[in-house]
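Notes follow the structure.
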Amino acid sequence: MSRTDPGDSSKRADAAGADPLAPSAVPDDSVLLTARGIRKSFGENEVLRSIDLEVRRGEVVVLIGPSGSGKTTVLRSLNGLETPDEGVLSFAGGPELDFSKPVAKAARIAMRNRSAMVFQQHNLFPHMTVLENVIEGPVRVQRVPRAKAIAAASALLDRVGLAEKRDAYPFQLSGGQQQRVGIVRALALKPDLLLFDEPTSALDPELVGEVLQVIKELADEGWTMVVVTHELSFARQAADEVLFMDDGVVVERGAPGTIFTKPTEDRTRRFLDRILRPLD
Amino acid sequence: MSSGWQLFLESFWPIVWGGVSGTIPLSLASFAIGLVLALGVALARLSKNRVLSGIARFYISVIRGTPLLVQLFVIFYGLPAIGLVIDPWPSAIVAFSLNVGGYAAEVIRAAILSVPKGQWEAGYTIGMSSTTTLRRIILPQAARVSVPPLSNTFISLVKDTSLASLILVTELFRVAQQIAAFSQEFMLLYLEAALVYWLFCLVLASGQSIIERRLDRYVAH
């Protein structure tokens, strides 16, 4: 159970290719992540009631739904920030973790390292510069040589337009810049899967675009990602699959064109109406 | 020159020397040991292990619920009754360290809890263990928060070390006491001792603001 995949970690460490934004995975459309029957309760409150999810390499999956529907909990379960009560999670090439039984810590950590999270509140380390934030994971955890990590981080920062901010502290940045650093910090880990937890919800409206633009570019570059967002226009443009969640279940899933124009479920239609026409 | 003024001048450097050779090393050693102890106690108090956190809670309760003078006397005058004789200096260091350990533990615990939960999660998501996250991410931020209250603890400690004169440790106040007993100028000598303590604490307070400014450089105002 606790076996880590050595081939995978070396791939993460070595994949500083020519294009810093390019994903480390070989582009194919094999299944990267499978989740089956994920359940989670907080006390009496059943937050997830049997969630199934399959993400293929290079795919962009967008989770939408009202707050409290469980979207964020799904994301956090994939990154091991929550432990499901039941259900099975597996990444390609890794072991299958069955949460109805106790799961070894090493196996949970190995699974966590397949993905990296971008938080709603960016959660940058306030006592570290932008560069230090980005290289902390590669240098401290993945044992990448410092010079190599700095070169990779600089290239990534350059790509998101923050090269000149590398020695600034997070508080000296705008919200949009902070979130772009948050994205770069996740990218620097060279994960197989990027997780975005409402990455623009805490931003001033005029700063939303610059962050969505970066995420859209990453999607176009072929990164695999699961995005929780209320930005339906982003979902429409970038998503391969949209999942509508409500009350701990996936109510409806499909291509964005289908979900947004002719949803089959009443709950989906009402949610979309509330978001697209809030004043009616 | 009046004899009072002359006595003041003649006793000034002996009293300062009592501070430099007694009060300051006693304070520094006790504070350093006490802080290490406090960090351990704070982590034990925060741990999910009920036995550990229970022990930490009990320790903090005893230290905060009993007078420092009594703690000092138990160690120096009490322990010999069970065959444990400790010299004045080590007795004082043990007593003051244990005392700082109890008070500073609560400061450190509160400082650790003041760091947002998202910082732990950010550490986890970049692959860190909880120990590494604590060391690299949480404690540096907690340290900044705890500088003002820990400075208070230290300044209190510097003054509390005067109690060590009661177990025959030669420090600032004991020097003043000895000169006062000899010269019978109690008012003068005790005011002079107060003045020297005050000067020491002024230096410490300015040291505190230097540390705070340094740690503040990465925080928005």
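The values are calculated or read from the model by the stated rules, or taken from the named source; none is laboratory data. Please read all numbers here as calculations on a predicted model, not as lab measurements. Quick reminder, even Gly has a Cβ in these numbers, built from the backbone with ideal geometry, and neighbours come from all protein chains shown. We work out accessible area using only protein heavy atoms, side chains counted, and drop any ligands, DNA or RNA first. Shrake-Rupley method; radii C 1.70, N 1.55, O 1.52, S 1.80 Å.
Screening B:His221 against (1) at pLDDT 90 or above; (2) of a type outside the set (Asp, Glu); (3) not in a helix (DSSP H, G or I) leaves a single unmet condition, (1). Only one entry of B:Gly19, B:Gly4, B:Gly34 meets the criterion of being within 25 Å of B:Val203 (Cβ to Cβ) and touching a Leu at 6+ places or on another chain (Cβ under 7 Å), and that entry is B:Gly19. Being buried (at least 20 other Cβ atoms within 10 Å of the Cβ) and either within 13 Å of chain B (Cβ to nearest Cβ) or part of a helix (DSSP H, G or I) (or both) is the requirement here; does A:Leu189 meet it? Yes; evaluated as a whole, the condition is true for this residue. Residues in segment A:95-117 that are buried (at least 19 other Cβ atoms within 10 Å of the Cβ) and β-branched (Val, Ile, Thr): A:Val103 alone.
Can you name every one of the helices (runs of 4 or more DSSP H) wholly within segment B:1-104 that holds 3 or more residues which are modelled with pLDDT under 95 and within 25 Å of B:Ile179 (Cα to Cα)? Lay out the reasoning, then the answer.
On the way: elements: B:3-18, B:24-46, B:50-65, B:68-73.
Per the criteria, B:3-18.
Of all residues in segment A:128-174 being open to solvent by 30 Å² or more (accessible area, probe 1.4 Å) and closer than 21 Å to B:Tyr124 by Cβ, which is nearest to the other protein chains (Cβ to nearest Cβ)? Here the residue is A:Val141. Scanning segment A:72-110 for residues that are under 16 Å from A:Leu194 (Cβ atoms) and either in contact with a Pro (Cβ under 6 Å, 6 or more places away or on another chain) or within 13 Å of chain B (Cβ to nearest Cβ) (or both) yields A:Thr72, A:Leu75, A:Arg76, A:Ser77, A:Leu78, A:Asn79, A:Gly80, A:Leu81. For segment B:52-71, what are the residues that are touching a residue at least 12 places away in the same chain (Cβ under 8 Å) and open to solvent by 30 Å² or more (accessible area, probe 1.4 Å)? Once the filter is applied, which keeps residues that are touching a residue at least 12 places away in the same chain (Cβ under 8 Å) and open to solvent by 30 Å² or more (accessible area, probe 1.4 Å), segment B:52-71 yields B:Arg57, B:Tyr59, B:Val62, B:Arg64, B:Leu69.
Among residues of segment A:67-86 that are closer than 13 Å to A:Val227 by Cβ, those with a Cβ under 9 angstrom from a residue that is polar (S, T, N, Q) and open to solvent by 10 Å² or more (accessible area, probe 1.4 Å), sequence gap 6+ or separate chain, pair up as A:Thr72/A:Gln120.
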